[in-house]
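As structure tokens, the structure follows; a few thoughts come after it.
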Amino acid sequence: MEIFMKSLRGCFLFVMVLAVAAGMYAIVADDSSAYARRIKVQTRAPDGSRRYIPFYSGYYALVIGVSDYSNGWPPLPNPVRDARYVAKALKELGFEVRLVTNPDSRELRKALSSLVSLAEKDPDKAIFVYFAGHGHTITKADGKKLGYIVPTDAPDPTKDLTGFLTSAVSMREIEELSSVIRSRHVLMAFDSCFSGSIFRASPGLPSKYIREQAARPVRAFITAGNENEEVPDESVFKTVLVQGIVDRYADRNHDGYVTGDELGLYVKEEVVNYTEGAQHPQYGRIRNPDLDKGDFIFVAGGSTVYQEPSVIPESATGTLMVETSPSGAVVYVQGRNKGRSPVTIRDISPGQVDIEARLSGYNTERKRVTVRAGRTTRVKFFLDRVDTKGRLYVNVEPSDARVRILNIVPRYYDGIELEAGRYHIEVSRSGYQTHDEWVELGQGEDLEIQVRLEPVNRRHTVSASGRPSGATWTEPVTGMEFVWVPGGCFEMGCGSWTSDCHNDEKPVHTVCVDGFYMGKYEVTQGQWKKIMHSNPSRFNRGDNYPVEMVSWNDVQEFIRRLNRLSGMHFRLPTEAEWEYACRSGGKKEKYCGGSDVDQVAWYDDNSGGHTHPVGTKAPNGLGIYDMSGNVWEWCQDWYSSSYYS
């Protein structure tokens with residue numbers, strides 16, 4: 001079977017932070033209580049007196065990850081995973097978190113616009129927005145560049161620019177949104193291939209006057225690089241950004257606070273270092289004299305946070321007694337560490353209180369309880385161990401076939417318990433074709449796969465006895481047609497019958513292959529959609545066009561699903577099998593089917609720069625089409641420049 005593809009890499013990771021004044025600390029004020037205290041940061045004035053900077057009323061995070069693109073953009077493996085990572089980290093800091101995965105255009109704009117009404121209800125609430133997914137830069141008529149973030153349903157702008165402009169969200173829209181939200185401080189960070197910056201560089205050192213910086217408004221931005229610098233799917237920028245805030249690595253003057261200026265300088269230095277100069281982050285503020293004077297201030301992990309004393313009668317507070325099973329779990333009340341269980345926490349303001357219990361190797365448990373004045377509330381957590389394993393079931397026909405897992409030592413048994421990961425399954429029995437495939441076992445998953453072995457006299461790897469050359473067979477799930485290629489020996493490589501040979505195509509040497517079935521046509525976009533329920537092709541012109549823009553790993557997933565649905569065993573051809581079938585059973589042909597390239601192939605001079613429906617040129621001597629031209633074709637085995645030797 002043959003699959004044809006290129007790979008297209010997209011890279012865009014977008015983070016936006018919106019806040020009122022200062023702080024990222026695991027404290028949530030109990031707004032439901034009349035005795036709630038407002039969190040403040042203590043500073044010292046030049047005369048030695050203490051002063052307090054007002055803090056947030058609470059913390060909110062909107063975390064967005066986009067991986068499953070459906071309208072011409074290639075899927076991305078990491079953004080949703082990164083979004084979950086960020087959401088988890090923020091929850092552990094005490095944030096109220098909303099996680100949005102794979103939004104379309106309407107859902108993305110709705111999620112972003114919801115921040116306006118959120119800030120209207122509570123303008124003192126800190127807001128953090130994180131976006132991971134594709135980004136794109138468009139050059140406008142005036143020569144200036146404008147960046148966009150891309151939802152799942154945005155079309156490829158090279159095919160449908162109008163549709164792209166109406167569905168993708170521009171940086172101008174994001175800029176306008178940041179100015180509408182009623183928050184004093186806004187900090188945005190972009191981990192992306194991105195141009196069209198809307199800010200001026202801010203190269204100066206961080207200010208030491210934290211009180212003045214916190215009081216003034218600001219809209220600040222950090223980018224991971226410019227349009228010409230590739231950003232990897234595995235984000236260095238994201239990791240450095242989180243470490244700079246949570247672990248306080250960006251605290252340059254060691255005052256316990258991380259400002260936006262400090263974070264910008266830290267990210268610039270560390271990302272350049274870790275990427276060996278491949279990325280050069282930039283930091284700056286908006287070009288607006290009313291919004292460029294302040295600085296965002298994070299209270300990092302381990303910093304001292306003071307609360308301005310409130311006059312609350314002792315009888316007006318309550319007490320919490322928290323136990324866990326097993327004991328020793330770290331207890332957090334309203335996001336603040338209160339020690340290991342069992343623990344008693346006094347002077348709790350009446351109202352609803354959020355409690356967490358965390359213990360390594362166990363799932364984090366959360367409860368919300370009501371504390372009453374003058375009373376003791378007892379809370380107990382029963383913690384469950386983290387399930388890092390899954391179970392694998394291989395159902396085989398015939399039932400006495402042997403099942404092995406090739407990449408582990410223990411023998412397979414039905415329902416074997418394994419750590420989450422990839423496993424190489426082999427099913428074999430005398431007189432039947434051996435089946436092998438890689439499967440992915442998730443954490444806590446019960447994975448069941450079905451394998452039906454075919455007798456050797458019905459399969460393509462046996463000799464051609466009784467099966468004439470060119471015999472066809474149709475696969476019922478997708479309708480793909482296959483042509484029988486009788487086994488034989490041939491001279492593999494670039495020989496006297498052709499020209500323009502490359503060194504890695506020599507020396508010519510004799511290779512023998514068994515008989516096999518080969519796809520009569522290139523795998524089409526329609527057939528790919530039946531199995532994968534998506535179409536990554538750039539030339540998306542119809543179901544009868546060949547699928548392209550898919551990687552070798554994408555193809556392995558396609559084949560794995562096809563094998564499971566059909567109960568058969570498909571794979572890509574080896575290089576030797578492919579060349580043997582291409583040259584009409586090993587004949588000395590310059591092209592796949594003869595010496596007239598225009599008769600058998602679509603290529604640069606006759607294709608018009610795009611693909612064509614499969615089977616529209618002449619077939620080769622075996623009745624197989626498009627082995628030369630139209631699109632590139634993957635093989636199963638790996639490449640080596642010295643393979644022929």
**Request:** If a/c stays under 1.5 just call it rounded; otherwise compare a/b with b/c (prolate if a/b is bigger, oblate if not). Do that for region 354-438, with a ≥ b ≥ c from the square roots of the Cα gyration tensor eigenvalues.
**Result:** prolate
**Fill in**
By the Cα gyration tensor axes a ≥ b ≥ c (a/c under 1.5 gives rounded; else a/b larger than b/c gives prolate, otherwise oblate), the shape of region 505-645 is oblate
**Item:** Cα extents of region 76-136 along the three principal axes, largest first (Å)
**Value:** 36, 29, 16
**Request:** Could you run the Karplus curve 6.51 cos²θ - 1.76 cosθ + 1.60 with θ = phi - 60° over region 617-624 and give me ³J(HN,Hα) per residue in whole Hz, x for Gly and Pro?
**Result:** 9, 5, x, 7, x, 9, x, 9
**Fill in**
Applied in sequence order to region 253-261, the curve 6.51 cos²θ - 1.76 cosθ + 1.60 (Karplus, θ = phi - 60°) yields integer Hz couplings, x standing for Gly and Pro, of 9, 6, 9, x, 10, 10, 8, x, 4
**Fill in**
Rounded to 0.05, the calculated FRET efficiency for the beta carbons of Arg375 and Tyr639 at R₀ = 56 Å is 0.15
**Item:** Portion, in percent, of the accessible area of region 378-422 that falls on carbon or sulfur, probe 1.4 Å
**Value:** 45 percent
**Asked** In region 88-167, what trypsin sites (Lys or Arg not before Pro) fall in a loop by DSSP, with at most 14 other Cβ atoms inside 10 Å?
**Response** Lys140, Lys144, Lys159
**Request:** Take Phe558, Phe382 and sort them by solvent-accessible surface of the protein heavy atoms, 1.4 Å probe, largest at the top.
**Result:** Phe382, Phe558
**Message:** Amide H of Ala168 versus every other amide H placed in the peptide plane: which residues, excluding those fewer than 5 positions away on the same chain, fall under 5 Å?
**Reply:** none
**Request:** Estimate the FRET efficiency between Asn503 and Asp605 by the formula 1/(1 + (r/R0)^6), using the beta-carbon distance for r and 35 Å for R0, to the nearest 0.05.
**Result:** 0.85
**Asked** Summing Lys, Arg as +1 and Asp, Glu as -1, what charge do residues with Cβ under 12 Å from the Cβ of Arg248 carry, Arg248 excluded?
**Response** -3
**Asked** If amide H atoms are built 1.01 Å from N in the plane of the peptide, which residues on other chains or at least 5 residues away come under 5 Å of the amide H of Phe128?
**Response** Leu18, Tyr60, Ala61, Leu62
**Prompt:** In terms of Cα to Cα distance under 18 Å, which aspartates and glutamates are near enough to Lys506, apart from those fewer than 8 places away along the same chain?
**Reply:** Glu491, Glu575, Glu577, Glu579, Glu589, Asp637
**Message:** Strictly over 26 Å apart at the Cα level, which of Lys338/Lys367; Lys121/Lys145; Lys159/Lys530; Lys88/Lys125; Lys91/Lys338 would you flag in this model?
**Reply:** Lys121/Lys145
**Complete:** Quick shape check on region 531-574: root eigenvalues a ≥ b ≥ c of the Cα gyration tensor, a/c under 1.5 is rounded, otherwise prolate if a/b tops b/c, else oblate, and it reads prolate
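The values are calculated or read from the model by the stated rules, or taken from the named source; none is laboratory data. Please read all numbers here as calculations on a predicted model, not as lab measurements. Positions of Cβ are backbone-derived with ideal geometry, glycine not excepted, and every protein chain shown enters the neighbour counts. We work out accessible area using only protein heavy atoms, side chains counted, and drop any ligands, DNA or RNA first. Shrake-Rupley method; radii C 1.70, N 1.55, O 1.52, S 1.80 Å.
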